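Written below as structure tokens is the structure these notes are about.
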Amino acid sequence: MTTSKETGAARRIVVRLGERSYAVHIGPGVRDLLPGVLAGIGARRVAVVSARPRADLPETGVETLFLAARDGEQDKTLATVERMCRAFAEFGLSRADAVVSCGGGTTTDSVGLAAALYHRGLPVVHLPTTLLAQVDASVGGKTAVNLPHGKNLVGAYWQPAAVLCDTDYLRTLPPREWTNGYGEIARCHFIGAGDLRGRPLAEQIAASVARKADIVAADERDSGLRHLLNYGHTLGHALERATDFAVRHGEGVAVGTVFAGRLAGALGRIGADRVAEHLDVVRHYGLPWELPAGPADGDLVALMRLDKKATSGLSFVLDGPKGAELVSGVPESVVLSVLARMPRRG
Ligand code: GLY
């Protein structure tokens, strides 16, 4: 089991992976734990790759190379990873040193991949600065960059040495970034994190991270249980792609969560009250629940068939009598009829 301890206002969750176990610290000001974390690693030098200005970065306590990054899919490329690795080499970074990422999920993903590859792997510490990165992207060791052929096609599993989720970074978050993160918190309601509605933000983040930590500890390489983290994501990813990413990830997950509830209901896996709970939770967090105007249902189904979980027909993570689980071979006719009855914007 994951441990969660409160130290003052901060919480500490441990991702239990044997000798690769690490702590996720959550709370105001936890970025200032960085010098102690780096001292614990034994790093003599560190490269800090940051999408935030220098003034937002904590002290490191060791000789430091600062590299500027930009959040966003446009820089999540192998070229960015190569540029970082060249800068690490020019700085003389060795395997005994460390890398720090500071930014949203696109930054933690690409810096994590550079850390996994440079010298065949050196310690990385993530300082996620968006809600999405704090509750999901920076925890669990998935790192990747995009190819023109698709998102996250080149990557590695590389667990961080620590994650510092400083909630002070969220003070300036734009409204759509809140939606992006709350989409992932809402889906946690249906994968065993409990009802987080009305709880303080740091507690919502900690509970989401704790649930993810338990799942990752049980299935680091995504061969079974880790699929649960993709609750609401099958339709969510299809909506992102069908709208050329005008629908943001968390928005797609929110609509996908409502849809997953209705689909589970149509398949007789859950009752009407539980179906309704999906809409209640999504609306509570102020998230979108309607399909956007535009994408045709048939196109969404075609995109859902491309989902990486879909090894056998249409696959969804669905709630049921034993909780959420991966359900494969869902009949297209049922998917289409549930889609047709979804509320639609415009
Ligand atoms: N974001 C899903 C995962 O980490 O598996």
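Quick note: the coordinates plus some simple rules give every number you see, no bench work behind them. None of these values were measured; they are calculated from a predicted model. Positions of Cβ are backbone-derived with ideal geometry, glycine not excepted, and every protein chain shown enters the neighbour counts.
Neighbours of K308 by Cβ distance under 15 Å: Lys/Arg scored +1, Asp/Glu scored -1, total +3.
Both the radius of gyration and Dmax for the range 258-317 are 13.1, 34 Å, in that order, over alpha-carbon atoms. What is the range 91-184 by shape, rounded, prolate or oblate, if you read a ≥ b ≥ c off the alpha carbon gyration tensor as root eigenvalues and call it rounded for a/c under 1.5, prolate for a/b larger than b/c, and oblate otherwise? Oblate, because a/c is 1.5 or more while a/b does not exceed b/c. Counting only residues at least eight positions apart within a chain, or on another chain, the lysines with an alpha carbon under 20 Å from that of K142 are K76, K151, K212, K308, K309. Its Cα gyration tensor gives the range 232-346 an equivalent ellipsoid; the semi-axes, largest first and in whole Å, are 19, 18, 12. Extension gain for R197 to T64 (0.36 nm times residue separation, less C-alpha to C-alpha distance): 43.8 nm. Amide H contacts for V327 (H built 1.01 Å from N in the peptide plane; partners 5 or more residues away or on another chain; cut-off under 5 Å): F316, V317, L318. Between G252, G192, G27, the Gaussian network model of the chain with springs among Cα atoms under 10 angstrom shows the greatest mean-square fluctuation at G192. By the Kirkwood approach, averaging reciprocal distances over each pair of separate Cα atoms, the range 196-288 gets a hydrodynamic radius of 14.4 Å. Amide H contacts of Y22: V15, L17, each under 5 Å away and 5 or more positions distant or on a separate chain (H built 1.01 Å from N in the peptide plane; Pro and chain starts excluded). Charge tally around N152: other residues with Cβ under 11 Å, Lys/Arg +1 each, Asp/Glu -1 each, net +2.
Extending 7 Å from Cα along the Cβ direction at A89 and again at D280 yields two label points whose distance is 5.8 nm. Taking a point 7 Å from the Cα of T77 along the Cα-to-Cβ direction, the residues of the range 135-173 with backbone N closer than 18 Å to it are 144-155. For the peptides 232-243, 193-204, residues were scored by their other Cβ atoms within 10 Å and the scores averaged per peptide; the highest-first order is 232-243, 193-204. For the range 8-81, the equivalent ellipsoid derived from the alpha-carbon gyration tensor has semi-axes of 23, 17, 15 Å in decreasing order. With the biggest extent put first, the Cα atoms of the chain measure 60, 44, 37 Å across the principal axes.
For the range 140-150, the Karplus equation 6.51 cos²θ - 1.76 cosθ + 1.60, evaluated at θ = phi - 60°, returns couplings of x, x, 7, 10, 5, 10, 9, 10, x, 7, x Hz by residue, with Gly and Pro reported as x. Shown in residue order for the range 257-268 are the 3J(HN,Hα) couplings computed by the Karplus curve 6.51 cos²θ - 1.76 cosθ + 1.60 at θ = phi - 60°: 5, 4, 5, 4, x, 5, 5, 4, x, 5, 8, x Hz (x for Gly and Pro).
Taking 0.36 nm per residue of sequence separation and removing the Cα-Cα distance, the V334/R44 pair yields an extension gain of 98.6 nm. What is the set of long-range amide H partners of I270 at a cut-off below 5 Å, with H atoms built 1.01 Å from backbone N? Distant-sequence amide H within range of I270: G265.
On a per residue basis, the convex hull of the C-alpha atoms belonging to the range 136-200 measures out at 144 Å³.
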